[in-house]
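Take a look at the structure set out below.
None of the figures in this text is laboratory data; all of them are computed from the coordinates on show. No experiment lies behind these values; they were computed from the predicted model shown. All Cβ positions, glycine included, derive from the backbone under ideal geometry; neighbour counts span all protein chains shown.
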Amino acid sequence: MTTSARTPTPGADPAVVGGWLATALDDERWRDAELAAIGAGRSNLTYRVSSPAGAVVLRRPPVGQVAATAHDMAREQRVIAALAPTPVPVPAVLAAADDVLDAPCFVMELVDGVVPLAQLPDGWAATADERRAAGTALVDVLAALHAVDPAGVGLADFGRPEGFMERQIRRWGTQWATARDGDDPIPVTADDETELTRLAERLAADVPATQRHTIVHGDYRLDNCVFDATDPARIRAVLDWEMSTLGDPLADLGLLLVYWQQDGDDRVWSDAQPLPSPTALPGFPRRTELVDAYAARTGLDVAPLPWYVAFGAFKLAVVLAGILARVRAGSVPADMAAGLDGSVGPLVALGHHVLDGGSF
């Protein structure tokens, strides 16, 4: 549903946004802007802004209190702009502001295409070969991102890569404590709490040596990419860079595998993936094929990958626990928790499974 410039929307009044864009983009037609919420994200808010001048995408942090670094619009805008001249496909940044809304925001190019969600659009990637090509493109773009020289694109100071994984464990451990100890108890069992804490301790006790410092996306997955509407082998844009920084590239691959569903998954994997995904359809690469393709393109040793998969499961469990906590506290809409009840425990079990030598 769109709203007119006379009807405010949560976190973005169309009249305010339209006036800002009229000045920033030097076109008075933006004053007649209409906003429509897009995407199914559970963190930052994304709006399609339409007017007689055209259409763009507005990004802003969620309304209410969130972790400061997780939704840093200035960082997201910076990394997208920096990657524009590289082989990594990103939308063009058109304008940014700190004082237009009640939080930093930016506007970027609207990239037309397909974002593969639970069900693929009719006629898109309809064959097994096309689905395999889409999976291959996903690995190719991830490898291209990890090949970018941060200093060469002005991102030498974008993060502190030394000690990255150790800090990540501490960071998400702190987030877990915040969700666990809030005013409203999170809906997880005492056993889940104990096992999540134990998983964090196991990860902290055996952190692999980082092989390479790169730009990392932080939440790289199929539905954070816009694919070409007629060519599933082409990714037109990678979205949702709010967690990007400099660090260990295998963290991106490990989390991608946690999200990746495949036909014939055993119970420990299927229970840890509560939301539907199209990647179990015939043709999409299996997780081991994604790993092999990534290793071939990057030259990285993937032997330590089980640790990174376990970390990805830990991180995602904490993220989902935080969402559930915010929903219970009433700080975000209840529909953000749709399908997530009972998701924390299975993710923790998956983390222990892969650390114990379980297959992926």
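Which order results if Leu290, Leu35 are arranged by neighbouring Cβ count within 10 Å, fewest first?
Working: Leu290 22, Leu35 25.
Ranking Leu290, Leu35 by Cβ neighbours within 10 Å, fewest first, gives Leu290, Leu35.
What is the order of Leu58, Leu250, fewest Cβ neighbours within 10 Å to most? It would help to have the intermediate numbers written out before the result.
Details: Leu58 25, Leu250 28.
Ordered from fewest to most neighbouring Cβ atoms within 10 Å, Leu58, Leu250 come out as Leu58, Leu250.
Using Cα-Cα distances under 8 Å and only pairs 6 or more residues apart, what relative contact order does the chain have, in percent?
Values: 633 pairs, mean separation 63.7, N = 360.
About 18 percent, as a whole number.
If I model a spin label as a point 7 Å beyond the Cα along the Cα-Cβ vector, how far apart are those points for Arg160 and Asp206 in nm?
2.7 nm
Determine by what factor the alpha-carbon radius of gyration of segment 113-153 differs from 2.2 N^0.38 Å, reporting the quotient.
Values: Rg = 13.9 Å, N = 41, 2.2 N^0.38 = 9.0 Å.
Compactness ratio reported: 1.54.
Between Ala151 and Ala280, how many nm apart are label points set 7 Å from Cα along the C-beta direction?
In this crude label model, Ala151 to Ala280 measures out at 4.7 nm.
Just add up the charged neighbours of Glu76: K/R +1, D/E -1, any other residue whose Cβ is under 10 Å from the Cβ of Glu76.
Numbers: positive: Arg59, Arg75, Arg78; negative: Asp72, Asp240, Glu242.
Residues near Glu76 contribute 0 overall.
Given that compact globular proteins tend to follow 2.2 N^0.38 Å, what is the ratio of the alpha-carbon Rg of segment 80-195 to that value?
Details: Rg = 20.2 Å, N = 116, 2.2 N^0.38 = 13.4 Å.
Normalised Cα radius of gyration, segment 80-195: 1.51.
Gain in length, Ala84 to Asp112, computed as 0.36 nm per residue apart minus the alpha-carbon separation, to one decimal in nm? Before the final figure, lay out each step's value.
Numbers: separation 28, 0.36 × 28 = 10.08 nm, distance 1.69 nm.
That pair, Ala84 and Asp112, stretches by 8.4 nm at full extension.
Give me Asp32, Asp102 ranked fewest to most by other Cβ atoms within 10 Å of their Cβ, as a rough exposure proxy.
On the way: Asp32 16, Asp102 12.
Going from sparsest to densest Cβ surroundings: Asp102, Asp32.
Which of Val354, Ala204, Pro282 sits closest to the plus end of the dipole of the chain, meaning its Cα is farthest towards the positive end, when Lys and Arg get +1 and Asp and Glu get -1 on the C-beta?
Going by the Cα projections, it comes out as Ala204.
Taking the 0 to 90 degree range and rounding to the nearest ten, how far is the long axis of helix 287-298 tilted relative to the main principal axis of the chain, both from C-alpha atoms?
Around 70 degrees separate the two axes.
Which entry is the computed Kirkwood radius over Cα pairs in Å for this structure: [x] 23.4; [y] 21.2; [z] 25.1?
[y]
Expressed in nm to one decimal, what extension gain is obtained for the pair Asp99 and Thr127 from 0.36 nm per residue of sequence separation less their Cα-Cα distance?
On the way: separation 28, 0.36 × 28 = 10.08 nm, distance 4.78 nm.
Gain in length upon complete extension: 5.3 nm.
Extending each Cα 7 Å along its Cβ direction at Asp191 and Ala303, get the distance between those two points in nm, one decimal.
Result for the modelled spin labels: 3.6 nm.
Would you kindly state how much longer the chain becomes between Asp292 and Val16 on full extension, computed as 0.36 nm times their sequence separation minus their alpha carbon distance, in nm to one decimal? It would help to have the intermediate numbers written out before the result.
Values: separation 276, 0.36 × 276 = 99.36 nm, distance 4.90 nm.
94.5 nm is the gain from fully extending Asp292 to Val16.
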